[in-house]
Amino acid sequence: MEKPVIKPKQGTILISEPALRDFFFRQAVVLLAEHNDEGTFGLIINKPIEIRLKEILKDFPPYKLPVYLGGPVKTDSLFYLHKRPDIDNSLHVMEGLYWGGDLDVIREKMKSKELLPNDIRFFLGYSGWSPNQLDKEIREKSWVISQTTVSEIINDHPETLWSNYLKSMGKDYAIWANFPADPTFN
């Protein structure tokens with residue numbers, strides 16, 4: 001099957017191929033927040049976990065915000081994506097989306113309701129690749145690369161992202177959308 005010719009870069013997404021059996025990356029959609037000669041940093045955007053932000057950060061507003069599994073690296077660290085260019089020390093990922101920034105500013109903007117729950121997503125851990133590692137995995141057909149939008153990244157239905165992206169890529173990929181997470185249960 002011929003894949004779209006898209007190179008990995010900041011702001012693109014990786015969609016795991018159905019045969020990828022890794023616990024973290026099975027049916028994963030990963031946003032690349034950084035990709036350069038030093039390596040790649042990304043966040044899995046479609047795997048909410050059974051922890052709420054208020055369980056991790058006690059002095060934050062009592063929003064019932066989910067936390068997502070960002071990847072297998074530094075799973076004891078909190079990362080975040082948001083839509084606010086006015087948060088100090090955040091890095092521009094793509095049009096309308098930023099990574100990181102001053103957590104005290106985020107806290108104050110959430111308390112004053114300037115930053116709403118649909119403007120931000122929190123992640124435990126991240127996905128990282130050393131130089132050339134991701135390119136090797138793409139050649140091995142572990143990932144499909146696609147474009148995305150902010151509304152697709154920060155949305156209310158992360159559980160359907162993987163299959164929706166595959167369906168949007170045409171009939172050859174749409175077949176994969178119904179692939180079971182564990183084929184032994186098929």
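Here is a yes/no grid of residues against (1) within 21 Å of SER146 (Cβ to Cβ); (2) among the aliphatic types (A, V, I, L, M); (3) out of contact with any Phe, Trp or Tyr (no Cβ under 6 Å at 6 or more places or on another chain):
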{"position": "PRO8", "(1), (2), (3)": "yes, no, yes"}
{"position": "GLY11", "(1), (2), (3)": "yes, no, yes"}
{"position": "ILE15", "(1), (2), (3)": "yes, yes, no"}
{"position": "ARG26", "(1), (2), (3)": "yes, no, yes"}
{"position": "GLU38", "(1), (2), (3)": "no, no, yes"}
{"position": "LEU43", "(1), (2), (3)": "yes, yes, no"}
{"position": "GLU50", "(1), (2), (3)": "no, no, yes"}
Which residues, taken from segment 62-90, are surrounded by fewer than 18 Cβ atoms within 10 Å (Cβ to Cβ), in a strand (DSSP E or B) and at negative phi?
-> PRO66, VAL73, THR75, ASP76, SER77, LEU78
Considering each of ILE175, ILE106, ILE153 in turn, give the residue that is of a type in the set (A, V, I, L, M) and over 24 Å from LEU53 (Cα atoms).
-> ILE175
Could you tell me whether segment 92-102 includes any residue that is at pLDDT 95 or above and more than 19 Å from the chain's Cα centre (by Cα)?
-> yes
Within segment 126-144, can you find the residues that are of a type in the set (Gly, Ala, Ser) and under 22 Å from GLY100 (Cβ atoms)?
-> SER127, GLY128, SER130
Give segment 135-168 a look and list any residue that's closer than 11 Å to ILE13 by Cβ and either in contact (Cβ under 8 Å) with a residue 60 or more places away in the chain or of a type in the set (A, V, I, L, M) (or both), or say none.
-> TRP143, VAL144, ILE145, SER146, GLN147, THR148, ILE153, LEU161, TRP162, TYR165
Where in segment 1-57 are the strands (runs of 3 or more DSSP E), entirely inside, with at least 3 residues that are surrounded by fewer than 21 Cβ atoms within 10 Å (Cβ to Cβ) and out of contact with any Cys (no Cβ under 9 Å at 6 or more places or on another chain)?
-> 29-36, 48-52
Test ARG121 against the stated conditions and say whether it is of a type in the set (Lys, Arg), in contact (Cβ under 8 Å) with a residue 24 or more places away in the chain and part of a strand (DSSP E or B).
-> yes
Applying the selection to segment 124-166, what residues are surrounded by 13 or more Cβ atoms within 10 Å (Cβ to Cβ), over 16 Å from the mean Cα position of the chain (by Cα) and either of a type outside the set (S, T, N, Q) or part of a helix (DSSP H, G or I) (or both)?
-> ASP135, GLU137, ILE138
Is it fair to say LEU115 is assigned to a loop (DSSP other than H, G, I, E, B), among the hydrophobic types (A, V, I, L, M, F, W, C) and touching a helix residue (DSSP H, G or I) at 6+ places or on another chain (Cβ under 7 Å)?
-> yes
Residues of segment 124-134 that turn out to be closer than 16 Å to ILE44 by Cβ and either among the basic types (Lys, Arg) or free of Cβ contacts under 8 Å to residues at least 60 places away in the same chain (or both), as a count = 1
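The values are calculated or read from the model by the stated rules, or taken from the named source; none is laboratory data. Quick caveat, the model's predicted, so the values are computed rather than measured. Neighbour counts run over all protein chains shown; Cβ positions are idealised from the backbone, glycine included.
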